[in-house]
Amino acid sequence: MSDPSFIIDNDNPFSHRGWQAKLSLGFAVKNNKTVLAHRQQYGPLAVQRPFYPEKNICHTYLLHPPGGVVGGDTLTIHTNVDNYAHALVTTPGATKFYRSAEQWAEQTQCLTVSDGGILEWLPQENIFFNDAKVKLNSTIILAETARFMGWEMHCFGRPALNEGFDNGSLMGKTEIQIAGEKILIERLALEGEDCPFYINGLRGFSLSSSLYITNKDPIVFEMVQVLLNNICKKYHLFDLVIGVTQLEGLMVIRALANWSETILSVFVEIWQLVRQQWFHEIPAKPRIWAT
């Protein structure tokens, strides 16, 4: 049966409102191996064929062929991980949100993981260009024994070109549920000319990032704290600020930096540490991160 969320009135995915793209993915176990058992797409959202650099773990790359998101575009992604399946999803590059005269660009993600399932949601950064108008919504629904590790990295402007996010708007919401209970709800509302946000919220940095990890083990939390202390010794306070908080069944790492490479490097270290605790071996990095 087709996903009802894929019902679209206009036969053409490109209209005066922009690209209307939808992608639905379902991962399941087959012959002791996680496979991409369901895939439904509409418009310019797709995935490459799955890769298996780690035995039976399914690595999948999300693709957005237009290369950027503009006002009027709507991207909707649904991902479901079945019982005991294990999927890692990433992107080959940053998602770029370009300037918009009037219309909003929207991206909605709904990620669901069943009991015993594991989802690693590791996209590269979002870049918000000057004058972009963007709405981001992420909902993560986890069963009681599901495992999740996922990050979001937001870059305001293009620091390499000394370009900030002086104009534009960003509205966002991230919600994480575990066993039917809402553990975390965060909202973001930013106007480009909001100087107090840059001074007090971002503390003058260009990137704001969060890493979410299901965790009930105090030893793992302590190990992450030790790792972050060691990482901080490598960086000046003007290059990286990072900290970790343990909620009910959820560990949250926050980071501010000026370069996406810094955040990705640090988050990969944390990801490898936690994965090693989960499965007693260091995970293989997706090759796409090295290109």
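Going by what's in this entry, would residue 79 be described as farther than 14 Å from residue 134 by Cβ and buried (at least 20 other Cβ atoms within 10 Å of the Cβ)? So that I can check it myself, show each step before the final result.
Details: farther than 14 Å from residue 134 by Cβ: yes; buried (at least 20 other Cβ atoms within 10 Å of the Cβ): yes.
For residue 79, the condition - farther than 14 Å from residue 134 by Cβ and buried (at least 20 other Cβ atoms within 10 Å of the Cβ) - is met.
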Take the residues in the range 52-67 that are in contact with a Phe, Trp or Tyr (Cβ under 8 Å, 6 or more places away or on another chain) and over 18 Å from residue 22 (Cβ atoms); name whichever of them is surrounded by the most Cβ atoms within 10 Å (Cβ to Cβ). 58
How many residues are at pLDDT below 90, assigned to a loop (DSSP other than H, G, I, E, B) and loosely packed, with under 15 Cβ neighbours inside 10 Å when one looks only at the range 201-224? 2
What do you reckon, is residue 190 in contact (Cβ under 8 Å) with a residue 40 or more places away in the chain and among the hydrophobic types (A, V, I, L, M, F, W, C)? no
Is there a residue being under 22 Å from residue 101 (Cβ atoms), in contact with a Gly (Cβ under 6 Å, 6 or more places away or on another chain) and hydrophobic (A, V, I, L, M, F, W, C) anywhere in the range 165-175? yes
Note on residue 146: of the conditions (1) more than 14 Å from the chain's Cα centre (by Cα); (2) at pLDDT below 95; (3) crowded, with 20+ Cβ neighbours inside 10 Å, unmet is (2)
Quick one: how many residues across the range 102-143 are in a strand (DSSP E or B), in contact with an Asp or Glu (Cβ under 9 Å, 6 or more places away or on another chain) and surrounded by fewer than 18 Cβ atoms within 10 Å (Cβ to Cβ)? 3
Output the qualifying pairs, or none if there are none: Cβ atoms under 9 angstrom, residues six or more apart or on different chains, first residue in the range 138-158 and free of Cβ contacts under 8 Å to residues at least 40 places away in the same chain, second residue basic (Lys, Arg). 138/173; 139/173
Kindly establish whether residue 262 is modelled with pLDDT of 85 or more and closer than 17 Å to residue 135 by Cα. no
Residue 185 passes all but one of (1) surrounded by fewer than 17 Cβ atoms within 10 Å (Cβ to Cβ); (2) of a type in the set (A, V, I, L, M, F, W, C); (3) modelled with pLDDT of 95 or more; (4) more than 17 Å from residue 135 (Cβ to Cβ); which number fails? (4)
Could you check the range 225-281 and list, in sequence order, the residues that are part of a loop (DSSP other than H, G, I, E, B), surrounded by 13 or more Cβ atoms within 10 Å (Cβ to Cβ) and in contact (Cβ under 8 Å) with a residue 24 or more places away in the chain? 235, 247, 249, 258, 259
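In the range 265-291, what residues are among the basic types (Lys, Arg) and at pLDDT 95 or above? Give the derivation first.
Of the residues in the range 265-291, the ones among the basic types (Lys, Arg) are 275, 285, 287.
Passing the criteria: only 275.
Of the residues that sit in the range 61-90 and are touching a residue at least 60 places away in the same chain (Cβ under 8 Å) and of a type outside the set (A, V, I, L, M), which one is nearest to residue 42 (Cα to Cα)?
Here the residue is 76.
Which residues, counting only those in the range 149-171, are more than 25 Å from residue 74 (Cβ to Cβ) and either assigned to a loop (DSSP other than H, G, I, E, B) or modelled with pLDDT of 95 or more (or both)?
From the range 149-171, those more than 25 Å from residue 74 (Cβ to Cβ) are 149, 159-164, 166; that's our starting set.
Correct list: 149, 162, 164, 166.
The values are calculated or read from the model by the stated rules, or taken from the named source; none is laboratory data. As the structure is a computational prediction, the values presented were derived from the model and not from experiment. With ideal geometry, Cβ positions are generated from the backbone for all residues, glycine too; neighbour counts draw on all protein chains shown.
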